[in-house]
Amino acid sequence: MKYPSLYVLCVLTTAYCLMASTPSLAANERNLVRGKKLYEKYCLACHGPQGRGDGAVQFDPPVADLTSSDVLLKPDSRLLKSIHEGRPNTAMDAWKSRLSDEAIRDVLAYLLTLPR
Ligand code: HEC
């Protein structure tokens with residue numbers, strides 16, 4: 001090969017990029033199409049098509065408006081926990097047995113893109 005060092009550089013760069021890609025909630029790194037599908041399948045009935053808590057089913061305490069500052073001011077890690085573990089004494093169920101960690105991150109990334 002004419003340029004072996006260039007080849008090595010390419011391999012190392014690729015390896016580094018693969019290692020550095022830790023899960024993130026940045027919308028451009030998540031699968032928003034998958035997040036939207038999951039939202040529509042599992043969350044929409046309660047949270048409504050726009051996330052405003054106006055789904056077909058009503059509860060007491062009421063379903064959270066996912067576009068409200070109440071929810072959006074909570075850190076992502078808190079919201080992930082709410083979806084994983086559910087919210088005690090509310091209709092918000094724990095999803096960790098039904099959705100993978102990746103799926104929960106995708107669905108949260110999607111709902112953070114809903115118009116305020
Ligand atoms: C059976 C109805 C129901 C379904 C289905 C449901 N939720 Fe909820 N959700 C609720 C209720 C009720 C609350 C308000 C909980 C509270 O008062 O703390 C809530 C709250 C939330 C919150 C705010 C949590 C917080 O810490 O403030 C998020 C985020 C959320 N839901 C995401 C989801 C996602 C994602 C799905 C689908 C995977 C989903 N929910 C499915 C009823 C539901």
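Mind pulling up the Rg/Rh value for the stretch 26-111? Radius of gyration and Kirkwood radius, both on Cα.
0.93
For Lys96 and Arg116, FRET efficiency with R0 = 30 Å and r from the beta-carbon atoms, rounded to 0.05?
With R0 = 30 Å, the Cβ-Cβ based efficiency is 0.65.
Read phi for every residue in the stretch 97-107 and hand back ³J(HN,Hα) as whole Hz from Karplus 6.51 cos²θ - 1.76 cosθ + 1.60, θ = phi - 60°, with x for Gly and Pro.
Working through the residues one at a time gives 7, 9, 10, 6, 4, 4, 5, 5, 5, 5, 5 Hz.
What is the gain in length, in nm to one decimal, between Ala45 and Ala27 on full extension, counting 0.36 nm per residue of separation less the C-alpha to C-alpha distance? It would help to have the intermediate numbers written out before the result.
On the way: separation 18, 0.36 × 18 = 6.48 nm, distance 2.34 nm.
Going from the current span to full extension adds 4.1 nm.
Applying 1/(1 + (r/R0)^6) with R0 = 30 Å to the Cβ-Cβ distance of Lys37 and Ser5, what FRET efficiency is obtained, to the nearest 0.05?
Details: r = 45 Å, r/R0 = 1.50.
E(calc), rounded to 0.05, equals 0.10.
Taken together, the values in this text are just the output of simple stated rules run on the coordinates, not laboratory data. Keep in mind that what you see is a predicted model, and the values were worked out from it rather than measured. Please note: Cβ atoms are built from the backbone with ideal geometry, for glycine as well, and neighbour counts cover all protein chains shown.
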